[in-house]
Amino acid sequence: MTTPSVLDFAALTELATASERVSIDCACIATPTDGWQTLPLSMPVAQLREVGTLVTGDEDEPSFAEYHPDGTRYWAAEAPIAPRYFPYNRCSVSECTVCGRCYLRYTEGGGYFVDQRIRLLKASLLADAAL
Ligand SMILES: [Zn+2]
């Protein structure tokens with residue numbers, strides 16, 4: 001198994017733009033994931049393929065700072081997607097092999113509390129913000 005490639009902002013934008021153009025119906029959009037969601041039971045994970053990661057490995061532990069310049073919150077559908085900020089700095093990017101939509105995924109918590117989370121990757125929400 002090869003290590004997933006780190007996606008820079010340009011590569012992420014390209015994936016997000018292509019993903020946003022997809023308009024066909026698909027099982028992966030049965031439950032909306034415009035904001036972060038616990039991986040829905042309806043999500044056909046078998047048809048998600050990892051295409052890259054936002055984990056740069058530059059620091060021992062990625063920042064827990066969140067990026068909300070417009071007063072959004074973590075769960076908001078309008079919350080910006082800023083790759084250097086939590087939780088995007090822990091995310092992998094997966095593509096639905098059926099429709100081509102792209103998703104951000106990471107595992108929240110640790111120990112007794114582990115939650116797989118997923119959010120649709122949207123070009124309009126991307127923010128190339130420095131920490
Ligand atoms: Zn799909």
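Derivation of every value follows stated rules applied to the coordinates shown; laboratory data play no part. All figures in this text were calculated on a predicted structure; none of them were measured in a lab. Don't worry about glycine lacking a Cβ; one is built from the backbone with ideal geometry, like all the others, and counts go over all protein chains shown.
Structural remarks
- For the stretch 30-40, Karplus couplings with θ = phi - 60° (6.51, -1.76, 1.60), whole Hz, Gly/Pro x: 4, 10, x, 10, 5, x, 4, 9, 5, 2, x
- For the listed peptides 15-28, 65-78, a ranking on the average number of other beta carbons within 10 Å per residue, highest first, reads 15-28, 65-78.
- Global geometry of the chain, whether rounded, prolate or oblate, following the gyration tensor of its Cα atoms and the 1.5 cut on a/c: rounded
- The phi torsions of the stretch 94-111, fed into the Karplus equation with coefficients 6.51, -1.76 and 1.60 and a -60° offset, translate into couplings of 10, 10, 6, 6, 8, 10, x, 5, 10, 10, 8, 9, 7, 9, 8, x, x, x Hz, rounded to whole numbers, with Gly and Pro shown as x.
- Residues whose placed amide H lies under 5 Å from that of THR53, excluding near-sequence neighbours: SER5, VAL6, LEU7, VAL93
- The HN-Hα couplings worked out from phi for the stretch 116-122 by the Karplus form 6.51 cos²θ - 1.76 cosθ + 1.60 (θ = phi - 60°) are 7, 10, 9, 8, 5, 7, 10 Hz, whole numbers, x standing for Gly and Pro.
- Note on the chain: with charges restricted to the Cβ of Lys and Arg (+1) and Asp and Glu (-1), its dipole about the Cα centre is near 380 debye.
- Computed over the Cα atoms of the stretch 59-131, the ratio of the radius of gyration to the Kirkwood radius (Rg/Rh) comes to 0.97.
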